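Read through the structure below, which is laid out as structure tokens, and then see the notes.
None of the figures in this text is laboratory data; all of them are computed from the coordinates on show. Computed from a predicted structure; not experimentally measured. Neighbour counts are summed over all protein chains in view; Cβ atoms, including those assigned to glycine, are modelled from backbone coordinates with ideal geometry.
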Amino acid sequence: MECVVLAGGMGTRLRSVVADLPKCMAPVAGKPFLHYIVESLETAGFDHIIFSLGYKHEAIEEWIAGRKGSARITYVVETEPLGTGGGVRYALSQATEKDVFVLNGDTYFDVSYRKMLARHKASGAVATLALKPMEYFDRYGEVAVDTTGHITAFREKRPCEEGLINGGVYVIRRDALDVLPEKFSIEKEFFEKEVSRGTLAGFVSDGYFIDIGIPEDYERAQEEFAKGVYKRFDTLFLDRDGVINVQIVGDYVRRPEQMQFIPGSLEALARLRPVFRRMIVVTNQRGVGKGLMTEEDLKAVHDYMCSEVERAGGHLDAIYYCTIPDDSCPRRKPNPGMMEDAKADFPDIDLSRSIMVGDKESDMLFAERAGVWGIMVDGEFTLRRLADKLID
């Protein structure tokens, strides 16, 4: 997936608390606000992030040069203001995918990007905006949608008891702005016109949302990001057999066609994706060590599992497995070796906010030794039931 981050804002209303920095570089809990946005994008699986830069762009360029991450980062610099639409149009020239996400650099909105992209494609809309339900607000204009999920109106700012607001995240066809001039307002000259054509859709998400554009919310961000409120849970660790797929009694899943998913497990993984920063499978697979299957066979099974999870709207960030039959192997559960592998690959894992889901006592002992919460599933309390409880 590709994403444009609009990072050229001056932060005029934040001058009293942050001077001489682009708004997105304002320090929040010891890190630039932009850090949290990029971190969330990489966790969600974006592999190309394009920054649209302007005011004090050197500070952002220096930050980009000094960071390491999984996504490729490029940027464009506006030598003169191009308006809210011209900057997006310019940045989209660096994209290659048909549909590209666009985010405001001063807003954090926890959205299920993959689900939003799927909804966008199914709707046939030119662009789809992420909408946040909100109560008692007057800082934002209200967005109206019809029963099909298409946006019907943008209403002026006014005191409102409840409604939907534009969350500062949207996905747009890469070529949608090509016919517009170099400088233009995306709100007036694109969004409002597409509403009149019935080609602008909405995607409602009640994930964590904050806009640091005013001092009061900037101060609130300091506390909430320090506490990790924005992250909700960190990592979901999952056993495989008996949790995601049906365990073959007395044998092993040796080929993709033998993998039978437990009813509701794929749906549950898709629903849990926005609740966790990442999802990782940790599984003992002694069938390889016994010579009953090869490691290539296991890879084929896991490739199939990952593709089915993706097709259902979920995403697995990594799979760790141990093929050694000997229980004394440090990587074989309940020993914590696979957790140590995960921590080496993902150094920022917060174990205190992570969960291990398994169907055996060895999984619960693994969780205890690794320092994460352990939750046991079975034939009745399945992954689908767990998703219901965690999301509620």
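Less than 15 Å Cβ to Cβ from N335, Lys/Arg counted +1 and Asp/Glu -1: what total charge do the surrounding residues give?
Numbers: positive: R286, R331, R332, K333, K343, K360, R369; negative: D239, D326, D327, E340, D341, E361, D363, E368.
Charge balance in the 15 Å sphere: -1.
Of all GluC sites (Glu not before Pro) in segment 75-139, which ones are in loop regions per DSSP and have a Cβ with at most 16 other Cβ atoms within 10 Å?
Details: sites: E78, E97, E135; in loops: E78, E97.
Those satisfying the criteria are E97.
Filter the trypsin sites (Lys or Arg not before Pro) in segment 113-144 to those in DSSP coil with at most 10 other Cβ atoms within 10 Å of their Cβ, and list the result. Present the calculation step by step, with values, prior to reporting the outcome.
Working: sites: R114, K115, R119, K121, R139; in loops: R139.
Passing both the DSSP loop test and the Cβ count: no residue.
Can you list the residues, at least 5 places off or on another chain, whose amide H is less than 5 Å from the amide H of K183, using H built in the peptide plane?
Correct list: empty.
Efficiency by 1/(1 + (r/R0)^6): what FRET value for E361 and A29, r their Cβ-Cβ distance, R0 = 22 Å, to the nearest 0.05? Write down the numbers at each step before the final one.
Values: r = 38 Å, r/R0 = 1.75.
Computed FRET efficiency for E361 and A29: 0.05.
Please report, largest first and rounded to whole Å, the three semi-axes of the ellipsoid equivalent to segment 239-392, where each semi-axis is the square root of five times an eigenvalue of the C-alpha gyration tensor.
Details: eigenvalues 95, 76, 44 Å².
Over the Cα atoms of segment 239-392, the ellipsoid semi-axes are 22, 20, 15 Å.
What percent antiparallel are the DSSP beta bridges of the chain, to the nearest 5? Display every interim value, and only then the final one.
Values: 26 of 64 bridges.
For the chain, the DSSP antiparallel bridge percentage is about 40.
If the cut-off is 21 Å between C-alpha atoms, which lysines fall inside it for K389, apart from same-chain ones fewer than 8 positions away?
K115, K231, K360
Would you work out which of M1, P325, T235 lies farthest towards the positive end of the dipole of the chain, given +1 charges on the beta-carbon of Lys and Arg and -1 on that of Asp and Glu, about the Cα centre?
About the Cα centre, the residue reaching furthest to the positive side is M1.
Helix 361-370 versus the longest principal axis of the chain: what is the Cα-based angle in degrees, 0 to 90, to the nearest 10?
Value to nearest ten degrees: 50.
If you place +1 on the Cβ of every Lys and Arg and -1 on the Cβ of every Asp and Glu, how big does the dipole about the Cα centre of the chain come out, in debye to the nearest 20? Let's see the in-between values first.
Details: 50 positive and 63 negative charges, 44 e Å.
Its charge dipole is roughly 220 debye.
So how tilted is helix 83-92 from the main axis of the chain? Cα-based, degrees 0 to 90, rounded to 10.
Helix 83-92 sits roughly 40 degrees off the main axis of the chain.
Helix 33-44: angle to the longest alpha-carbon principal axis of the chain, degrees 0 to 90, nearest 10?
The angle comes out near 50 degrees.
Would you list the P(r) distribution for the chain, with all Cα-Cα distances sorted into 10 Å bins from 0 and each bin expressed as a whole %?
Calculated over all Cα pairs of the chain, the distribution is 5, 21, 29, 23, 15, 7, 1 percent.
If you take the square roots of the eigenvalues of the alpha-carbon gyration tensor of segment 305-382 and sort them as a ≥ b ≥ c, do you get rounded (a/c under 1.5), prolate (a/b over b/c) or oblate?
On the way: a/c = 1.36, a/b = 1.20, b/c = 1.13.
It comes out rounded by the Cα gyration axes.
Let's see if you can work this out: charge +1 on each Lys and Arg Cβ, -1 on each Asp and Glu Cβ, no other charges. What is the dipole magnitude of segment 38-190 about its Cα centre, in debye to the nearest 20?
Details: 19 positive and 24 negative charges, 81 e Å.
Using Cβ point charges on Lys, Arg, Asp and Glu, segment 38-190 gives about 380 debye.
Mind listing the long-range amide H neighbours of L238? Cut-off is under 5 Å, sequence gap 5 or more, other chains count too, H placed in the peptide plane at 1.01 Å from N.
Here the answer is I280, V281, V282, V357, since their amide H atoms fall under 5 Å of that of L238.
Would you mind pulling out the separation of the Cα centroids of segment 274-321 and segment 25-83, in Å?
Between the Cα centre of segment 274-321 and that of segment 25-83, the gap is 32 Å.
List, in order, the whole-Hz ³J(HN,Hα) value for each residue of segment 261-278 obtained from phi through the Karplus relation with A = 6.51, B = -1.76, C = 1.60 and θ = phi - 60°; use x for Gly and Pro.
For segment 261-278, the Karplus curve yields 6, 4, x, x, 5, 5, 4, 5, 5, 5, 5, 7, 4, x, 7, 10, 5, 7 Hz.
Placing unit charges on C-beta atoms (Lys and Arg positive, Asp and Glu negative, everything else neutral), compute the dipole magnitude of segment 80-169 about its Cα centre in debye, rounded to 20.
The calculated dipole for segment 80-169 is roughly 340 debye.
What residues have an amide H closer than 5 Å to that of V145, excluding those fewer than 5 places away on the same chain, when H is modeled at 1.01 Å from N in the peptide plane?
For V145, whose amide H was placed from the backbone, the distant partners under 5 Å are T152.
Test of the criteria: in segment 318-392, which GluC sites (Glu not before Pro) are in a DSSP loop and have at most 15 other Cβ atoms within 10 angstrom of their Cβ?
Passing both the DSSP loop test and the Cβ count: E380.
Step through the residues of segment 217-228 one at a time and calculate ³J(HN,Hα) from phi using the Karplus curve (6.51 cos²θ - 1.76 cosθ + 1.60, θ = phi - 60°), rounding each to whole Hz and writing x for Gly and Pro.
6, 4, 5, 4, 4, 4, 6, 6, 6, 5, 7, x
So what are the ³J(HN,Hα) numbers for segment 380-386, from phi and the Karplus equation (6.51, -1.76, 1.60; θ = phi - 60°), rounded to whole Hz, Gly and Pro as x?
In residue order, the calculated couplings are 9, 8, 8, 4, 5, 5, 4 Hz.
Excluding same-chain residues fewer than 8 positions from K68, which aspartates and glutamates have a Cα within less than 16 Å of its Cα?
E39, E42, D47, D345, D348
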